[in-house]
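Remarks on the structure that follows.
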Amino acid sequence: MIEAVELRRVSLPLVTPFRTSFGTETTRDALLVHVIGPDSEGWGECVAMSSPGYSAEYVDGAQDVMRRYLVPGLFGAAQPVRGHPMARAAVEGAVLDASLRARGTSLAAHLGGVREAVDVGVSVGIVRPVEALVDAVSAYVGQGYRRVKLKIEPGWDRVPVAAVRARFADLMLQVDANGAYGRDKAGTLDALDEFGLALIEQPLPEDDLAGHAELAGRLSTPICLDESITSARVADLAIALGACSVVNIKPGRLGGLVEAKRVHDVCVSRGVPAWCGGMLETGIGRAANLALAALPGFTLPADLSASDRYFHRDLTPPFVLADGRLAVPAGPGIGVPVLEDALHELTTSVEVLRP
Ligand code: OSB
Ligand code: MG
């Protein structure tokens with residue numbers, strides 16, 4: 001039984017602006033779902049961003065669909081809801097956290113996690129000039145991150161990649177275009193083949209599986225899909241078409257941990273390596289992602305970095321890098337407490353919904 005659901009907005013200033021092909025973030029304005037029951041409570045984090053640049057969802061829209069449809073569904077007035085995976089994932093996550101906390105079971109154990117720590121990398125935004133980018137990468141490498149991902153866009157690809165590769169010959173390096181290359185611009189991606197990249201993530205638009213298959217056939221660098229992978233069915237199709245040979249798995253994009261695990265299972269059965277993506281989550285979303293990344297099919301380093309890579313102050317005890325890994329929380333549910341002081345200081349609004 002659920003007594004109340006709080007939709008809580010928080011605003012966390014980023015330590016450094018995060019620039020991608022779709023925009024620049026300077027603060028993480030996140031929406032938290034807090035499910036409160038008689039003897040348990042649970043937390044979920046919605047990864048929708050402030051504006052619909054990464055995908056169609058955005059945080060105000062996610063809160064609206066939660067308020068009108070998803071939370072009333074929890075209270076017994078269920079209606080079918082198409083789309084809105086990020087909103088659904090946050091609600092599903094909060095309910096699951098509450099029930100696992102009540103049972104004393106960790107999310108990692110519930111999902112079938114097999115490791116206590118996860119190899120992690122860092123996603124580095126577009127930083128100009130190139131010298132500043134190389135300095136930023138150098139600092140992360142010094143901290144022990146196991147791989148580096150560079151955000152690219154048309155006009156910012158070969159030169160920054162060449163500069164980072166020239167400085168770090170053996171670094172596990174990959175790039176992410178967030179779909180910024182049209183088929184007309186995709187030719188410039190051929191120039192990246194000489195840098196020994198681990199993968200190129202989502203070079204073309206989300207719906208262009210055929211274009212990705214063509215590119216994958218031409219390049220020797222593996223193609224990884226992020227935005228395109230909207231369900232386990234699509235993951236299976238994309239792999240079958242040769243559109244990707246690596247998959248980025250994000251529970252928010254997929255509508256929750258249940259579908260994310262299905263994508264993981266597709267990857268395992270097709271022998272395709274997978275890794276856990278990130279969306280600049282607070283400690284709440286990060287804890288859940290780490291539990292997922294403990295599954296055996298996550299064989300490549302995750303986009304889950306230490307709290308201090310994102311925020312001066314996190315909502316949970318900070319996640320700290322240890323030998324290039326983050327520990328998988330072992331406590332009940334997502335396994336970490338939400339810090340009351342930080343929560344109150346960083347909250348910008350609370351909407352309380354009751355049955
Ligand atoms: O495409 O992987 C992405 C952040 C926001 C939106 C999309 C993406 C990202 C990242 C950051 O790359 C990964 C992280 O949380 O560290
Ligand atoms: Mg991506």
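The values are calculated or read from the model by the stated rules, or taken from the named source; none is laboratory data. All figures in this text were calculated on a predicted structure; none of them were measured in a lab. Neighbour counts run over all protein chains shown; Cβ positions are idealised from the backbone, glycine included. For accessibility, only protein heavy atoms count, side chains too; no ligands or nucleic acids. Shrake-Rupley method; radii C 1.70, N 1.55, O 1.52, S 1.80 Å.
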Exercise for the section: Note down the magnitude of the dipole of the chain about its Cα centre, charges +1 on Lys and Arg C-beta and -1 on Asp and Glu C-beta and zero elsewhere, to the nearest 20 debye. Expected result: 340 debye
Practice task
Set Lys and Arg Cβ to +1 and Asp and Glu Cβ to -1, take the dipole of region 101-184 about its Cα centre, and tell me which of Gly113, Leu133, Gln174 lies farthest positive.
Solution key: Gly113
Problem - Antiparallel bridges, percent of DSSP beta bridges restricted to the chain (to nearest 5) - result: 60 percent
Practice task
Scan region 92-190 for trypsin sites (Lys or Arg not before Pro) in coil per DSSP, keeping those whose Cβ has at most 12 other Cβ atoms within 10 Å, and list them by number.
Solution key: none
Fill in the blank from the handout: Charge dipole of the chain built from unit charges on the beta carbon (Lys, Arg +1; Asp, Glu -1), centred at mean Cα; most positive-end Cα among Phe75, Trp43, Ala293 is Ala293
Completion exercise
From the Cα centre of region 214-268 to that of region 78-121, the distance in Å is 20 Å
Exercise for the section: Can you work out the PRE-style zone for Asp265? Point 7 Å along Cα to Cβ, and I want the residues of region 279-314 with backbone N under 12 Å. Expected result: none
Completion exercise
Probe 1.4 Å, heavy atoms of protein chains only: per residue, the accessible area of region 109-327 in Å² is 35 Å²
Handout entry: Listed peptides 86-92, 344-350 by packing density, highest first (mean Cβ within 10 Å)
Key = 86-92, 344-350
Practice task
Express in whole angstrom the spacing between the alpha-carbon centres of region 305-321 and region 123-194.
Solution key: 24 Å
Fill in the blank from the handout: Looks like region 77-141, by Cα gyration tensor root eigenvalues a ≥ b ≥ c and the a/c under 1.5 rounded cutoff (else prolate when a/b is bigger than b/c, oblate otherwise), is oblate
Problem - Dimensions in Å of region 298-355 - Rg and Dmax from alpha carbons - result: 14.5, 47
Exercise for the section: Could you calculate the FRET efficiency of Thr26 with Asp190 from 1/(1 + (r/R0)^6), where r is the beta carbon distance between them and R0 is 51 Å, rounded to 0.05? Expected result: 0.90
Handout entry: Convex hull projection area averaged over all views, the chain, Cα basis, nm²
Key = 16.2 nm²
Practice task
Assuming R0 = 25 Å, can you tell me the calculated FRET efficiency for the pair Phe75 and Ser349, based on Cβ-Cβ distance, to the nearest 0.05?
Solution key: 0.75
Fill in the blank from the handout: Expressed to two decimals, region 230-355 has a Cα Rg over Rh, using the Kirkwood radius, of 1.03
Fill in the blank from the handout: region 27-70 and region 325-355 have their Cα centres apart by a whole-number Å value of 13 Å
